[in-house]
Amino acid sequence: MFGALVFSSIERPVEDKLRRDMEVLKQDFLNQSCVNAASLELFLVKVMTANKYGVSVLRNSSVTSNWDLASSMFFANTLVTTVGYGHTTPLSDTGKAFSIVYALIGVPFTMLVLTACVQRLMFPLVLAPVGLLQRSGMEPRPATAVHFLLMLVLMVLCFFLAPAAVFSTLEVSWSFLDGVYFSFISLCTIGLGDFVPGMEPGQKYRQLYQVSVMVYLFVGLMMMYLLLRTFHKMADLHGLTTFLQLPRCEESDQDEDREPIVESKPDDQAPPYLNDKAASRPLEPGSQPSYNTINKG
């Protein structure tokens with residue numbers, strides 16, 4: 001409700017002003033031509049319907065097809081990553097039916113690939129750096145907080161500010177803020193569609209540009225997921241998930257040759273009263289040291 005009130009108070013006056021400007025423009029056009037209002041409205045309805053499907057009547061804006069190979073790949077990428085800008089939509093019933101089938105298969109598979117990639121990156125980008133900070137003398141909780149802040153800063157620089165500078169350079173009508181806005185909306189899979197790269201008429205290397213944006217979206221989504229996993233694990237360590245009664249982040253499997261974050265201490269060894277059989281019994285999988293098993297004291 002709060003968000004709705006804020007958006008309504010900000011955007012409603014701008015919308016009303018645009019509506020009045022369009023009405024004045026329409027009346028000026030009718031006064032200067034012999035076209036009647038009914039014919040003009042019919043023309044505008046057809047133009048807006050075509051524009052909804054990515055076809056514009058403006059000069060030089062429809063020279064490049066929205067369904068060439070690169071553009072189709074870009075559409076498929078936004079479909080399976082659930083970004084869905086809506087700038088291009090299937091025109092035919094066959095295309096709509098195929099989109100349903102393709103999304104049913106492609107979305108789970110894409111999420112599976114992203115999850116697998118994040119699990120592979122957890123040790124070199126999360127577990128190992130936290131362990132390094134602890135071995136340098138930091139306590140577990142400050143070490144995880146410092147690591148998360150460093151990851152957050154790198155994420156903002158590499159996947160928001162730097163791409164925004166590139167987008168504002170390549171897209172003539174985009175400002176730097178528009179680039180940041182597009183990056184945030186895309187990597188959060190909101191995909192409003194008001195800004196879509198590669199849609200400028202006569203843009204050079206358009207196909208290569210669209211493929212590059214596809215790679216950026218996939219890598220960016222993967223890093224966003226990694227950042228969220230890191231925050232979830234940090235919240236587990238600080239007791240935030242327990243305080244809010246939220247589920248703990250699942251433990252990721254670790255290879256036998258990976259070095260645990262918390263090095264074993266002499267007082268962590270088995271008590272002398274344990275017999276040899278009990279002491280030599282293999283540990284349960286849940287007892288392997290990991291990010292969430294760091295001493296919270």
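The values are calculated or read from the model by the stated rules, or taken from the named source; none is laboratory data. Just so it is clear, the structure is predicted and the values come from calculations on it, not from any experiment. We place every Cβ from the backbone using ideal geometry, glycine too, and count neighbours over all the protein chains shown. We work out accessible area using only protein heavy atoms, side chains counted, and drop any ligands, DNA or RNA first. Shrake-Rupley method; radii C 1.70, N 1.55, O 1.52, S 1.80 Å.
What FRET efficiency, computed as 1/(1 + (r/R0)^6) with R0 = 22 Å and r the Cβ-Cβ distance, is obtained for residue 207 and residue 120, rounded to the nearest 0.05?
0.15
Accessible area, 1.4 Å probe, largest first: how do 89, 94 sort?
Reading off the accessible areas and sorting them downward yields 94, 89.
What's the FRET efficiency of residue 68 with residue 215 using the Cβ-Cβ distance as r and R₀ = 22 Å, to the nearest 0.05?
0.75
Give me the extension gain from residue 150 to residue 22: residue separation times 0.36 nm, minus the current Cα-Cα distance, reported in nm with one decimal.
This chain segment gains 41.3 nm when fully extended.
With each pseudo-label sitting 7 Å past Cα toward Cβ, what's the residue 172-residue 15 distance in nm, one decimal?
The answer from the label model is 3.1 nm.
Taking R0 as 30 Å, what FRET efficiency do you get between residue 93 and residue 37 from their Cβ-Cβ distance, rounded to the nearest 0.05?
The formula returns an efficiency of 0.35 here.
To one decimal place, what Kirkwood hydrodynamic radius in Å is obtained for region 62-111 from all pairs of distinct Cα atoms?
Result for region 62-111, one decimal place: 11.3 Å.
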